[in-house]
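Novice: Pasting a structure below so you can have a look.
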Amino acid sequence: MKKKVWGLILAAAMTAALMGCSSKAPAETEMPEAEAPVEPTTEAPAEAEKPEAEAPAQTPADTDVNNLEGKKIAVLLKSYTDMFWVEAANEAKLQGEKYGCEVEILAPTVSNSNEEQIQLIENSLVSPPDLYVIVPADSEGIAPAIQAVNDAGIPIVNVNTKITDESVTYDTYVSCSQYDLGYTTISTAIEKIGGEGKAIIIFGKPGAQTFVERNEGAEDAFKEHAGWEVLANEIGKGTRNDAMTVMQTLLTKYPEIDMVYAQNGEMALGVVEAIKQAGRTDEIKVAADNCNSEICQAIEDGSIYMTYDDGAWAQMEMGFKAANMVLGGETVEKTYYSDIYLVDADNVTEYAKRYEE
Amino acid sequence: MADRFDVRSFLIKGARVIVLILLFVVFSAFTDSFFGLNNWTNVGNILLQEAPFYILLALGMTIPMIVGGIDLSIEANISLSSFICAMTIQAVGNTGAGILTGLAVGLLMGFINGVLIARTGLPPFVATYSMNWIGKGSALVISKGGQLNGFENFRNLFNSWEGTYLLMAGIILVMAWFLYTKTAFGRETYSVGCNAVAARISGINSTKIKILAYMASGFIGAMTGMMYVAKLGAADPTLGNGFTIKAIAATLIGGASFRGAKSRVSNALIGGLIVVILNNGLIHIGVPGVWQDFAQGLIIIAAVLMERMLEKLQTAEPKVRLQ
């Protein structure tokens, strides 16, 4: 017993000693003025000089015929709470009102849970919808559920994250090009910041196609700029908490960091907290993907440098357009790309209005 | 002879501390950034920003384990109590009221767990697993799926001094240690964990003891949840997802056991520290992220195997003494 007591006292003494040693001033909240704008590119994402040109981005035709009226559309999303997917769910409901169709939102309680997504689809097949809009959390793993939908003969509009398993089929795929998103985010950031620097990538979730492709795009963009070095590529699991913890550690590892690329908005906000706390906001510029009101606020106060919005709303809107075509029996393209939008200090005030209600 | 016995006893009791020190030394030796006599930044980060959370997670799991149980609803508790705390702050505009409501939610969840287990006889696994879904579901319903942010006063309370998290974890840890090792209540708790029937026959109210153990876990979970909200700056109804597994990992690595009365408060401290140092050190050494979970699983197996070996050593002790 005595030893236990001594052990504890020793541990307490050690922690107390260490506490005393690391007396760093709490992060000052003084934000740097965002640097002078380079060019006010609001609506036109740079998608020209990408190494491997993919299938051309097209927009589903605007038809006057409403094939969705009175139909039931099931929309499977990745998460019930991530702001990006909340926005997608809201847009889907709006589209439902617009077309006069019933929209059922299916989303796992555990964000990005493939198992739960499969279960949700299986359950929904009990009273099947007329069409599925599906955003899989796992491009391969979702296959069993897609197979069940294929077997039931129900059409699928695949949105945002591609279903890559080749044994199953879907009617059309709607997304922004994730490769372009990663590539454009980094190219633009480098263009704005300058010719050289040290960067860290906070990767989303291994196995999720969106993050994998964004990462490829980002890595390629970095490779094109010899002055830039990627110090680390660590996993933030797509969440604020994991990204913050990883970033805290990376901040102690690297004394010099010029840019952090967080592959989604939640992680960017976690990264920002870690940087603020370390008092290095002036030094490190955070580039992100996704946008919402909290991110706009972070851009306004200078803690996030810039983001590319891959518009959950834009993808969902286009998804419903495609659904309208599919149910009308029209021929559809295999892939439709939606636009991405740069949000930075120049246009954030205007852009943030989107989120005001 | 006496000397040899002491060394062995020390090794048995201090095995995990040795593992902790070894990890620390290895990471310090193989990297420049983990720790150096002139570089305390990372160690400060570990102790002030990471360890308090893990230690509390582990402690919330350890206490039910003392009475032979488990609390799988920790993650739901963290999500629900912290979200209700944030909601209250936004509605009432009073930080104190928010914290008290959050703690009340945690205590209530613990109380329901305890009653389900001790009164109605549900196995702890089933009771707390079900409560986990109920809690998570409630958090999603209440939040309508959205996050909350703002509450600057609340955040300043925790963040204006950087030692706050460690201090809070330290106070809770010392309180738990005192309660469970220095008081009659603690001895009663251990006897319930050892043999609930025998404890009841000898006049101990084992129902009360068990309910209190789960309430303690609920309280700690709520506290941890609110600390997370202060740290991250947002209340998220899915905040706690995945934390139960982290808590179990830290407790097992710390030497706690699912067989009642085998766990100690110190297991949570050591386990939490080992997990945090491991996660942190692997990044400093440059192990790719995908391998970090793998390494953690490996360490859990190694820890449990070590536990077995130490038990064998312990049972071999009398023979040594007889010789």
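Novice: For the range A:289-312 and the range A:159-215, write down the distance between their C-alpha centroids in whole Å.
Specialist: 17
Novice: Under a 5 Å amide H to amide H cut-off, with H placed in plane at 1.01 Å, what residues pair with A:Val230 once short-range neighbours are removed?
Specialist: Those qualifying (amide H under 5 Å, at least 5 residues apart or on another chain) are A:Ala199.
Novice: When DSSP assigns beta bridges and you keep just the ones with both residues in the protein assembly as shown, what percent turn out antiparallel, to the nearest 5? Walk me through the numbers before you get to the answer.
Specialist: Numbers: 7 of 43 bridges.
Beta bridges within the protein assembly as shown, antiparallel portion: roughly 15 percent.
Novice: Another question, if that's okay. Quick one: dipole size for chain B, taken about the Cα centre, charges +1 on Lys/Arg Cβ and -1 on Asp/Glu Cβ, in debye to the nearest 20.
Specialist: Details: 22 positive and 14 negative charges, 215 e Å.
The dipole magnitude comes to about 1040 debye.
Novice: Output wanted: per-residue J couplings in Hz (rounded whole) for the range A:244-258, from phi through Karplus 6.51 cos²θ - 1.76 cosθ + 1.60, θ = phi - 60°, x for Gly and Pro.
Specialist: Listing the rounded values in order: 5, 4, 5, 5, 4, 5, 5, 5, 7, 7, 10, x, 10, 9, 9 Hz.
Novice: Answer rounded, prolate or oblate for the range B:1-147, using the Cα gyration tensor with square roots of eigenvalues a ≥ b ≥ c: rounded when a/c is under 1.5, else prolate when a/b is larger than b/c, else oblate. Please list the in-between numbers first.
Specialist: Numbers: a/c = 3.07, a/b = 1.49, b/c = 2.06.
Oblate is the answer for the range B:1-147, as a/c is 1.5 or above yet b/c matches or exceeds a/b.
Novice: When chain B is modelled as a GNM with alpha-carbon springs shorter than 10 Å, which of B:Leu273, B:Leu22, B:Leu59 fluctuates the most?
Specialist: For chain B, modelled as a Gaussian network with Cα springs under 10 Å, the answer is B:Leu22.
Novice: Between A:Asp82 and residues 5 or more places away or on another chain, which pairs have amide H atoms under 5 Å apart, with H built 1.01 Å from N, and which residues are they?
Specialist: Amide H to amide H, under 5 Å and 5 or more residues apart or across chains, A:Asp82 pairs with nothing.
Novice: A further question on this structure: For chain B, what are the per-bin percents of Cα-Cα distances with bins 10 Å wide, up to the bin holding the maximum?
Specialist: Computed distribution, short to long bins: 6, 25, 32, 25, 10, 2, 0, 0.
Novice: Alpha carbons only, please: Rg and Dmax for the range B:230-275, in angstrom.
Specialist: For the range B:230-275, the Cα radius of gyration and maximum Cα-Cα distance read 13.1, 38 Å.
Novice: Per-residue Cβ counts within 10 Å, from other chains only, averaged over B:35-48: what number is that? Before the final figure, lay out the partial values.
Specialist: On the way: counts 1, 0, 0, 0, 2, 7, 8, 6, 4, 8, 10, 5, 7, 7.
The shielding value for this peptide is 5.
Novice: Can you give the local net charge around A:Glu256? Use residues other than it whose beta-carbon is closer than 15 angstrom to its beta-carbon, Lys and Arg +1, Asp and Glu -1.
Specialist: Working: positive: A:Lys198, A:Lys253, A:Arg280, A:Lys285; negative: A:Glu196, A:Glu229, A:Asp258, A:Asp282, A:Glu283, B:Asp32.
Summing Lys/Arg as +1 and Asp/Glu as -1 gives -2.
Novice: Going 7 Å from the Cα of B:Lys208 toward and past its Cβ, which residues in the range B:161-199 have a backbone nitrogen under 11 Å from where you end up?
Specialist: B:185
Novice: Which one, B:Gly106, B:Gly240, B:Gly137, has the greatest fluctuation when you compute a Gaussian network model over chain B with C-alpha springs under 10 angstrom?
Specialist: B:Gly137
Novice: Considering chain B as a Gaussian network with a 10 Å cut-off on Cα pairs, which listed residue, B:Ala196, B:Ala97, B:Ala127, attains the greatest mean-square fluctuation?
Specialist: B:Ala97
Novice: Given that compact globular proteins tend to follow 2.2 N^0.38 Å, what is the ratio of the alpha-carbon Rg of the range A:315-357 to that value? Write out the running numbers ahead of the final one.
Specialist: Working: Rg = 15.5 Å, N = 43, 2.2 N^0.38 = 9.2 Å.
Taking the Cα Rg and dividing by 2.2 N^0.38 Å, one obtains 1.68.
Novice: Here is a further query. Between beta-carbons, use under 13 Å as the cut-off and find the net charge around A:Ala298, counting Lys and Arg +1, Asp and Glu -1. Walk me through the numbers on the way to the answer.
Specialist: Details: positive: A:Arg240, A:Lys276, A:Lys285; negative: A:Glu266, A:Glu273, A:Glu294, A:Glu300, A:Asp301, A:Asp344.
Its environment carries a net charge of -3.
Novice: Can you bin the range B:178-292 into rounded, prolate or oblate? Criterion: square roots of the alpha carbon gyration tensor eigenvalues sorted a ≥ b ≥ c, rounded for a/c under 1.5, prolate for a/b above b/c, oblate for the rest.
Specialist: Working: a/c = 2.87, a/b = 1.80, b/c = 1.60.
It comes out prolate by the Cα gyration axes.
Novice: Turning to a different aspect of this structure: Between rounded, prolate and oblate, where does the protein assembly as shown land on the alpha carbon gyration tensor, with a ≥ b ≥ c its root eigenvalues, rounded for a/c under 1.5, else prolate if a/b exceeds b/c?
Specialist: Numbers: a/c = 2.03, a/b = 1.52, b/c = 1.33.
It comes out prolate by the Cα gyration axes.
Novice: Within a 10 angstrom radius of the beta carbon, how do B:Ser206, B:Ser130, B:Ser81, A:Ser79 rank from fewest other beta carbons to most?
Specialist: Numbers: B:Ser206 21, B:Ser130 16, B:Ser81 32, A:Ser79 24.
Ascending Cβ contact count within 10 Å gives the list B:Ser130, B:Ser206, A:Ser79, B:Ser81.
Novice: Please report, in whole Å³, the volume per residue of the convex hull around the C-alpha atoms of the range B:1-78. If you can, show how the numbers build up before the last one.
Specialist: Details: hull volume 10.9 nm³, N = 78.
It is 140 Å³ per residue.
Novice: In addition: Between the range A:233-253 and the range B:12-85, how far is it from one alpha carbon centroid to the other, in angstrom?
Specialist: 16
Novice: Next question. A:Ala143: net charge of surrounding residues, Cβ under 10 Å, Lys/Arg +1, Asp/Glu -1, itself excluded?
Specialist: Local net charge: -4.
Novice: Based on alpha-carbon centroids, what's the gap between the range B:270-298 and the range B:202-216 in Å, whole number please?
Specialist: Cα centroid of the range B:270-298 versus Cα centroid of the range B:202-216: 36 Å apart.
We did not get these values from a lab; they are worked out from the coordinates using the rules stated. Note that the structure is predicted; figures quoted are calculated from it, not measured. Don't worry about glycine lacking a Cβ; one is built from the backbone with ideal geometry, like all the others, and counts go over all protein chains shown.
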